[in-house]
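Heads up: the structure comes next, in C-alpha cells.
The values are calculated or read from the model by the stated rules, or taken from the named source; none is laboratory data. For clarity, every value in this text was computed on a predicted model and none was experimentally measured. Glycine gets a Cβ as well: all are built from the backbone with ideal geometry, and neighbour counts include every protein chain shown. For accessibility, only protein heavy atoms count, side chains too; no ligands or nucleic acids. Shrake-Rupley method; radii C 1.70, N 1.55, O 1.52, S 1.80 Å.
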Amino acid sequence: MKNQDRVKIFFPVAIEPGNGQRAFGVVVPDLPGCFSVGDSLEEAIMNAREAILSHMACLSEEGIALPEQTSMAEHTANPDFAGWLWAVIDVDDVRETHPPMRVNITLPRGLLHSIDAHVQVHHMSRSGFLAAAARKALTADG
C-alpha cells in the first residue's frame, strides 16, 4: 500500500498537564477506556498514538466497529476536561489491510513480569508495549 493510499483517522485527545511530580495524562474521548501517560508532553502524545493503535487493534480483533466520533467543539465544552490541553493525533487506519494476528511467544518469566509491571504503570497493554518496542527497534535499525 502506498503512503497516499493510506486512510488516516484523526482523534482529538485531552491532555492533563503534568509537572515535575506528576506525568502528563492523555485521554482519547472517542475511544472509551483508551488513555496513556508520559513524563513529557512529547512522550505523552507518542504513548497516546500507541494506545490508539493498540485499542483499534483490540476492537478489530473482537469484530467491534470504532465508536462514532464526536466533534472537537463538543469535547472541549465537556467540563470534565476543563483546564486540559487539546491535540489531534492521526493514525493510519490499517484495520482492513493489516488486521491484528494472534501469536504465541515464549519469554523468560522474569522479563514477562517486568513487562507486565511496566504496562500496568503506563496504562498500556502487553501487546501494545511489545508492538511499540518492536517498532522502535526496527526504526533504530533503519
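Taking amide H atoms as placed 1.01 Å from N in the peptide plane, list the residues 5 or more away in sequence, or in a different chain, whose amide H sits under 5 Å from that of Ile89.
Placed amide hydrogens put Phe11, Val13 under 5 Å from Ile89.
Between region 50-82 and region 119-142, what is the separation of their alpha carbon centroids in Å?
21 Å
Let me check something: with ligands and nucleic acids excluded, how do Ser36, Ser114 order by accessible area (1.4 Å probe), largest to smallest?
Most to least solvent-accessible, the answer reads Ser114, Ser36.
Using a 1.4 angstrom probe with every protein chain in place, what is the largest-first accessible-area order of Lys136, Lys8?
In descending accessible area the options line up as Lys136, Lys8.
What residues of region 73-92 lie in the reach of a label at Val7, counting those whose backbone N is under 19 Å from a point 7 Å from the Cα along Cα→Cβ?
89-92
Sort Ile64, Ile9 by accessible area with a 1.4 Å probe, largest first.
Ile64, Ile9
Using the Cα atoms of region 41-111, I'd like the radius of gyration and the largest Cα-Cα distance, Dmax, both in angstrom.
When restricted to Cα atoms, region 41-111 yields Rg and Dmax of 16.2, 48 Å.
Expected output is a single nm value to one decimal: the length gained when fully extending between Ala77 and Val119, i.e. 0.36 nm times separation in residues minus the C-alpha distance. What is it?
Taking 0.36 nm per residue and subtracting the Cα distance, the gain is 12.0 nm.
Does the chain come out rounded, prolate or oblate by the C-alpha gyration tensor, with a ≥ b ≥ c the root eigenvalues, rounded set by a/c under 1.5 and, if not, prolate when a/b is larger than b/c and oblate if not?
oblate
Please work out the average accessible area per residue across region 52-142, using the 1.4 Å probe convention, and give it in Å².
Roughly 73 Å² per residue, with all protein chains present.
Within the chain, what whole-number % of the accessible surface is contributed by carbon and sulfur, with the 1.4 Å probe and all protein chains included in the calculation?
56 percent
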